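Reviewing the structure listed below.
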Amino acid sequence: MRAMILRGITSIPENPYPLDLTELPVPTPAENEILIRVSACGVCHTELDEIEGRTPPPNFPVIPGHQVVGIIERIGSQVKMHSVDERVGVAWIYSSCGVCKYCRSDAENLCPEFKATGRDVNGGYAEFMTVPASFVHRIPDGFSDVEAAPLLCAGAIGYRSLRLTGMVNGDSLGLTGFGGSGHIVLKLAKRQYPDSPVYVFSRTKAERDFAVELGADWAGEIVEEPPSKLDAIIDTTPVWKPVVYSMRNLAPGGRLVVNAIRKENSDQAYLQNLDYSNHLWMEKEIKSVANVTRSDVQDFLDLASKIHLKPDTQVYNLENANKALVDLKTRKIRGAKVLKIN
């Protein structure tokens with residue numbers, strides 16, 4: 001099979017070809033696994049974090065990719081809940097232990113044995129992949145494979161982030177950064193909270209224009225002040241400066257939800273600009289998002305199908321995965337990027 005593999009940590013600005021196109025044997029599913037013929041795989045900023053060492057894979061080489069859609073090719077001998085030719089998806093959560101206190105309380109995203117697709121195990125930048133049968137998701141009708149792929153991470157983690165804001169209809173929402181997840185959250189918020197104004201902060205004019213095109217009530221640069229203070233803000237950027245400005249822009253009692261698996265160190269010193277009275281006082285909160293649960297993914301897929309929510313996508317062939325990653329790194333973004341494979 002064809003696969004794009006990562007052989008080690010590297011810097012994309014210095015090495016714009018971090019992945020190698022390679023021929024590998026088709027993997028064999030274990031008794032509790034399924035083999036998927038991959039048709040599409042979303043491209044996520046987390047892949048940049050893996051490649052550049054902020055959340056490094058434990059072993060190399062590894063096949064990245066954790067927004068995977070495909071058809072079941074084979075099933076293991078113990079698999080009962082799925083069948084050959086079924087269309088399924090794989091998200092960031094590849095497996096968890098199933099027995100710890102987190103797994104027992106619907107918090108498997110916090111499990112110490114959490115394994116991530118495309119980081120801890122081979123993912124979907126390939127023509128085939130294996131996955132435990134209990135960690136795949138049936139894809140609702142109405143979505144193409146390319147449309148469904150970003151829903152598995154950009155959509156699901158955005159859905160979790162929106163829930164973690166605790167907002168209700170009428171509360172104001174800010175979105176800092178406007179990539180794959182941000183544009184899905186905007187669409188979701190406009191449907192779920194029709195009376196809530198949504199303000200978008202982005203460092204690029206193209207993203208700001210895109211946000212307004214999709215229905216944002218206002219769009220400005222990271223450092224701009226919005227028309228009013230915000231009840232909730234979701235930050236999807238990889239850097240620290242937006243955290244400081246987001247805290248400034250929160251209303252009393254407001255909550256910042258940081259939807260990023262890692263932050264870069266390039267501007268970490270900017271945190272020294274935090275001023276208690278302006279940024280933290282008045283019971284403002286900061287909450288991080290850690291991974292997703294299976295229920296996050298399935299609930300969001302069902303909701304997206306019900307409300308006819310579809311992402312905007314930019315499509316690349318598998319062999320052009322490096323270009324997709326460079327475009328993501330350099331903020332050439334309009335919606336979600338997806339590799340079309342089989």
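Out of the residues in the stretch 120-135 that are part of a loop (DSSP other than H, G, I, E, B) and within 19 Å of the chain's Cα centre (by Cα), state the one that is farthest from Val146 (Cα to Cα). This residue is Asp120. Counting only residues that are β-branched (Val, Ile, Thr) and not in a helix (DSSP H, G or I), the stretch 136-151 holds 2 of them. Here is a check on your reading of the model: is Gly177 within 20 Å of Leu325 (Cβ to Cβ) and surrounded by 24 or more Cβ atoms within 10 Å (Cβ to Cβ)? The answer is yes for Gly177. The numbered conditions (1) hydrophobic (A, V, I, L, M, F, W, C); (2) surrounded by fewer than 23 Cβ atoms within 10 Å (Cβ to Cβ); (3) in contact with a Ser or Thr (Cβ under 8 Å, 6 or more places away or on another chain) are all true for Ile9 except (3). Residue count for the stretch 189-215 under the criterion of being of a type outside the set (Val, Ile, Thr) and touching a helix residue (DSSP H, G or I) at 6+ places or on another chain (Cβ under 6 Å): the result is 3. What are the residue pairs meeting all of these: first residue in the stretch 263-280, first residue assigned by TED's automatic domain parsing to the domain that holds Leu230, second residue outside any helix (DSSP H, G or I) and of a type in the set (D, E, K, R), Cβ atoms under 9 Å, and 6 or more apart or on different chains? Taking only residues 6 or more apart or on different chains, the pairs are Lys263/Arg54; Glu264/Glu52; Glu264/Arg54; Asn265/Arg54.
Taking each residue of the stretch 71-93 that is at negative phi and looking for partners that are aromatic (Phe, Trp, Tyr) and in a loop (DSSP other than H, G, I, E, B) with beta-carbon atoms closer than 9 Å, six or more apart or interchain, yields Ile93/Phe114.
Listed by position, the strands (runs of 3 or more DSSP E) contained in the stretch 238-337 that have at least 1 residues being at positive phi are 250-258.
Taking the criterion of being surrounded by fewer than 17 Cβ atoms within 10 Å (Cβ to Cβ) and in contact (Cβ under 8 Å) with a residue 12 or more places away in the chain, the residues of the stretch 281-302 that qualify are Met282, Glu283, Glu285, Ile286, Lys287, Ser288, Ala290, Ser295, Gln298, Asp299, Asp302.
Residues of the stretch 303-331 that are surrounded by 14 or more Cβ atoms within 10 Å (Cβ to Cβ) and acidic (Asp, Glu): Asp312, Asp327. Taking each residue of the stretch 324-342 that is not assigned by TED's automatic domain parsing to the domain that holds Pro238 and looking for partners that are of a type in the set (A, V, I, L, M, F, W, C) and in a loop (DSSP other than H, G, I, E, B) with beta-carbon atoms closer than 8 Å, six or more apart or interchain, yields Leu325/Ile12; Val326/Ile12; Asp327/Ile333; Lys329/Ile12; Ile333/Phe178.
Among all residues of the stretch 232-241, there is at least one that is modelled with pLDDT of 95 or more, farther than 26 Å from Glu52 by Cα and outside the structural domain of Lys329 (by TED's automatic domain parsing).
Scanning the stretch 77-119 for residues that are part of a loop (DSSP other than H, G, I, E, B), surrounded by fewer than 18 Cβ atoms within 10 Å (Cβ to Cβ) and either within 17 Å of the chain's Cα centre (by Cα) or of a type in the set (Gly, Ala, Ser) (or both) returns Ser77, Ser83, Gly98, Ala107.
Among the strands (runs of 3 or more DSSP E) confined to the stretch 160-231, there are none with at least 2 residues that are within 18 Å of the chain's Cα centre (by Cα), more than 16 Å from Arg255 (Cα to Cα) and of a type in the set (D, E, K, R).
The values are calculated or read from the model by the stated rules, or taken from the named source; none is laboratory data. Just so you know, these numbers come straight off a predicted model, no measurement behind them. Every residue, glycine among them, receives a Cβ derived from its backbone with ideal geometry; neighbour counts consider all protein chains shown.
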